[in-house]
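The values are calculated or read from the model by the stated rules, or taken from the named source; none is laboratory data. From a predicted model like this one, the values you see are computed outputs, not experimental measurements. Cβ atoms come from the backbone with ideal geometry, glycine included; neighbour counts cover every protein chain shown.
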Amino acid sequence: MASASNDPTDLLPDQTEGYKVGEKKTMDEYSKLDADDDAMQRYKASLGLGGAGKDISDPNDPRHCIILSLTMDSEGRPPVTIDLSEKGSESTLKDKPFKIKEGAKFSMTAKFKVQHEILSGLHYVQIVKRKGIRVGKDQEMIGSYAPNTDQNPVYTKRFAEEDAPSGMLARGHYTAVSTFVDDDKKRHLEFEWAFDISKDW
């Protein structure tokens, strides 16, 4: 995996004040928790626990969270998808920058699978640099998820809409390092990629 950040804590999400990382529990422990507690039932439902479907975790694949793709959507343009499903596919991304029109509104959508155990507090964290100088850090809370089932084989999460920078000074080549990291600070995928801000698509 590419690792272009000098500070390993850089690619961790900033801690939200008042947010406490929950105690880690197994699927079995969650299923036995407070059946009479409405709040717990709602939380378990939000994770997809107690629902129908057969666990489709691959016993030969130890990965906990598998990031399949990232897609950029911008109105009036066909979606641009970064395919991350094949191992090692992320290693060539920085050599294939994609273009973003200055000032354009866009949003990213992550597609991923969870297997073996509950995934707690998955975040997407991104450091953007231009000419080697850091110009921004973005993060998105993706959430907590139970392992996928045959009835819900893939999760998708659409991130908040963003505005590309605009103006002559904003145009140019940018590099970014992105990571998917959970509450345990486990990095499920880290990769370097590139984009160009230009006057037109």
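Brief remarks on what is shown
- Residue, nearest to residue 192 (Cα to Cα), within the range 56-84, restricted to residues that are of a type outside the set (D, E, K, R) and exposed (fewer than 13 other Cβ atoms within 10 Å of the Cβ): 79
- So residue 93, is it farther than 21 Å from residue 174 by Cβ and assigned by TED's automatic domain parsing to the domain that holds residue 166: no
- Residue match in the range 148-167 (condition: touching a His at 6+ places or on another chain (Cβ under 8 Å), surrounded by fewer than 17 Cβ atoms within 10 Å (Cβ to Cβ), over 25 Å from residue 185 (Cβ atoms) and modelled with pLDDT under 95): no
- Test: residue in the range 111-132 that is under 20 Å from residue 79 (Cβ atoms), more than 19 Å from the chain's Cα centre (by Cα) and assigned to a strand (DSSP E or B): no
- One residue alone among 103, 18, 76 is outside any helix (DSSP H, G or I), on the phi > 0 side of the Ramachandran plot and at pLDDT 90 or above, and that residue is 103.
- Against the numbered list (1) without any contact (Cβ under 8 Å) to a residue 24 or more places away in the chain; (2) not in a loop (DSSP other than H, G, I, E, B), residue 86 comes up short only at (2).
- Scanning the range 49-72 for residues that are touching a residue at least 60 places away in the same chain (Cβ under 8 Å) and charged (D, E, K, R) returns 54, 55, 63.
- Per the listing 157, 185, the residue uniquely within 15 Å of residue 72 (Cβ to Cβ) and assigned by TED's automatic domain parsing to the domain that holds residue 93 is 157.
- Residue 138 vs. criteria touching a residue at least 40 places away in the same chain (Cβ under 8 Å) and either surrounded by fewer than 16 Cβ atoms within 10 Å (Cβ to Cβ) or in a loop (DSSP other than H, G, I, E, B) (or both): no
- Residues being touching a Phe, Trp or Tyr at 6+ places or on another chain (Cβ under 6 Å) and hydrophobic (A, V, I, L, M, F, W, C) - total across the range 127-141: 1
- Every residue from the range 176-201 that is of a type outside the set (Lys, Arg) and over 24 Å from residue 141 (Cβ atoms): 194, 196, 197, 198, 200, 201
- Flag if residue 68 is modelled with pLDDT of 60 or more and not assigned by TED's automatic domain parsing to the domain that holds residue 172: no
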